[in-house]
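Participant: I'd like to ask some things about the structure below.
Please treat every number below as a calculation from the coordinates, not as lab data. Predicted, not measured: the structure shown is a model, and the values here were computed from it. Glycine also receives a Cβ, built like all others from the backbone with ideal geometry; neighbour counts cover every protein chain displayed.
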Amino acid sequence: MLLVTGGTGNVGGAVLAELAGKPVPVRALVRDPARLPAGLCGAAAPNIQVVQGDFADAASLGRALEGVEAAFLASALGPRMVELQLRFVEAAKAAGVARLVQLSAAGANRNMCCTRVLRWLGELECGVAAAGLATTHLRPTVFMQNLFEFADDIRSKGLIAGPFRTVKWTWVDARDVGAVAAATLVDASHAGRSYTITGSDSLSYSEVAERMSEVFGRPVRYLDITANEARGRLQAAGASPVMIEAKLELWDACVSKVLNIPPNDVVRELTGREPRSLEAFLRDYRARFV
Ligand SMILES: NC(=O)c1ccc[n+]([C@@H]2O[C@H](COP(=O)([O-])OP(=O)(O)OC[C@H]3O[C@@H](n4cnc5c(N)ncnc54)[C@H](OP(=O)(O)O)[C@@H]3O)[C@@H](O)[C@H]2O)c1
């Protein structure tokens, strides 16, 4: 039995989509089963059993982990992610789970003093390693799905505004990260390995806007703003103070080239498919942006 967490999220959902209908029993641990898309449960995915659970609820973890051989671990970024995910790791160890596939990020480093997101993820990687389970760490670069954050402005004003300067970002579609995660979850030979996962392109936000203009057939432009203007926009969008600062630090690390990861072949090598291009992502999700 394989256990997948984060099934209502970008990557966990993609892991379930990869495993749906395959001859392997899968359990999906979700906080709210009603939020799982129809294609990932019920008659559409008879090999996926859905259980309600929360990293903060030890009893629910114990039930979900019964008889599990390997688990995919992911949750949203946030100040409690280390504590909550390490609770899951302890429960997995107690339940006799043999392997973990852990979703981390490129640049995760517990000594990263000025970028708390990368520090949280580094602390998490170290905590998972200290638990002694055979683990595969997945370290993707920036998700194309982050562009949904700008969807309202793109639709209403043809605009992406951010403090992203001219630096190039190495994008990856979270669905390809999910495909790599599924491949490493079903195959024990990946235990003990770490994979940096990228798409095929490094593009600045201006270049992303150009490609959006081509794919959507309407102009989209990038507007460079200060970090303080970005802070105001994040506040207006309802982000918490800690996540506003966490995001600004992360963006600054990328702009300062603390994080500078070139495209690699990991998606093709582990899944047998080319990573999705930005254009393919934009075509698939056109309705969210136009
Ligand atoms: N975004 C990027 O550019 C990027 C780049 C590199 C790496 N990453 C990694 O990707 C991770 C985010 O992955 P994602 O985009 O798939 O996340 P996501 O779409 O935000 O989904 C997070 C998932 O975690 C679940 N979750 C949150 N708290 C939980 C709890 N207490 N108990 C059980 N489940 C819980 C959520 O369930 P609910 O639906 O109930 O909330 C949801 O299914 C980050 O933490 C980071 O490690 C992201």
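Participant: To the nearest 0.05, what FRET efficiency results for V51 and Q235 with a Förster distance of 30 Å applied to their C-beta separation?
Facilitator: The value I calculate is 0.25.
Participant: Moving to a separate point now. 7 Å from Cα along Cα→Cβ at both T166 and D32: what's the point-to-point distance in nm?
Facilitator: 4.5 nm
Participant: Express the relative contact order of the range 41-126 as a whole percentage, based on alpha carbon pairs under 8 Å and six or more residues apart in sequence.
Facilitator: 25 percent
Participant: Oh, and also: In nanometres, what is the gap between the two model label sites at N146 and K22, each 7 Å from Cα along Cα-to-Cβ?
Facilitator: 2.7 nm
Participant: Now, a different point. Work out how much length A134 to D265 would gain on full extension: take 0.36 nm times their residue separation and subtract the Cα-Cα distance, in nm to one decimal.
Facilitator: Using 0.36 nm per residue and subtracting the Cα-Cα distance, I get 44.8 nm.
Participant: Summing +1 for each Lys or Arg and -1 for each Asp or Glu, what net charge is found among the other residues whose Cβ lies under 10 Å from the Cβ of T135?
Facilitator: Summing Lys/Arg as +1 and Asp/Glu as -1 gives +1.
Participant: Report the full-extension gain for the segment A58 to E214: residue separation times 0.36 nm, less the Cα-Cα distance, to one decimal in nm.
Facilitator: Result: 51.2 nm gained on full extension.
Participant: Can you put I225, I154 in order, fewest other beta carbons within 10 Å first?
Facilitator: Fewest-to-most Cβ neighbours within 10 Å comes out as I225, I154.
Participant: Moving to a separate point now. In the range 183-290, with Lys and Arg counted as +1 and Asp and Glu as -1 at Cβ, which of these residues, F216, S206, T226, has the Cα nearest the positive end of the dipole, that is, farthest along it?
Facilitator: F216
Participant: Now a separate question. Sequence gap at least 6, Cα distance under 8 Å: using those rules, report the relative contact order of the chain to the nearest whole percent. Please list the in-between numbers first.
Facilitator: On the way: 576 pairs, mean separation 51.1, N = 290.
About 18 percent, as a whole number.
Participant: Right, something else. Rounded if a/c is under 1.5, else prolate if a/b beats b/c, else oblate: with a ≥ b ≥ c from the C-alpha gyration tensor eigenvalues square-rooted, which is the chain? Display every interim value, and only then the final one.
Facilitator: Working: a/c = 1.74, a/b = 1.47, b/c = 1.18.
Note, shape of the chain comes out prolate.
Participant: Which shape class, rounded, prolate or oblate, goes with the range 188-272 when its Cα gyration tensor gives a ≥ b ≥ c as root eigenvalues, a/c under 1.5 marks rounded, and past that a/b bigger than b/c marks prolate?
Facilitator: Oblate is the answer for the range 188-272, as a/c is 1.5 or above yet b/c matches or exceeds a/b.
Participant: Normalising by the residue count of the range 72-186, find the relative contact order in percent from Cα pairs under 8 Å and 6+ residues apart.
Facilitator: Details: 132 pairs, mean separation 29.1, N = 115.
Result for the range 72-186 is 25 percent.
Participant: How far apart, in nm, are the 7 Å Cα→Cβ label points at S256 and M1?
Facilitator: Label at S256, label at M1, 4.6 nm between them.
Participant: Could the peptides 199-206, 161-168, 8-15 be put in order, highest first, of the mean number of other beta-carbon atoms found within 10 Å of their residues?
Facilitator: Sorting 199-206, 161-168, 8-15 by mean packing, highest first, produces 8-15, 199-206, 161-168.
Participant: Right, next: Once each part is reduced to its C-alpha centroid, what is the distance from the range 33-75 to the range 210-243 in angstrom?
Facilitator: For the range 33-75 versus the range 210-243, the Cα centre distance is 34 Å.
Participant: In addition: Quote the FRET efficiency, to the nearest 0.05, computed for S204 versus R80 with a Förster distance R0 of 45 Å and r equal to the Cβ-Cβ distance.
Facilitator: 0.85
Participant: Collect residues whose amide H, placed 1.01 Å from N in the peptide plane, falls under 5 Å from the amide H of W169; neighbours closer than 5 in sequence don't count.
Facilitator: Hits under the 5 Å cutoff: L203, S204.
Participant: Give me C41, C254, C113 ranked fewest to most by other Cβ atoms within 10 Å of their Cβ, as a rough exposure proxy.
Facilitator: Fewest-to-most ranking of C41, C254, C113: C113, C41, C254.
Participant: Next up: Please arrange T226, T136, T196 by how many other C-beta atoms lie within 10 Å of their C-beta, fewest to most. Write out the running numbers ahead of the final one.
Facilitator: Details: T226 9, T136 24, T196 19.
Final ranking by Cβ density, sparse to dense: T226, T196, T136.
Participant: Cα gyration tensor of the range 58-108, axes a ≥ b ≥ c as square roots of the eigenvalues: rounded (a/c below 1.5), prolate (a/b > b/c) or oblate?
Facilitator: It is oblate, given that a/c is not under 1.5 and a/b is not larger than b/c.
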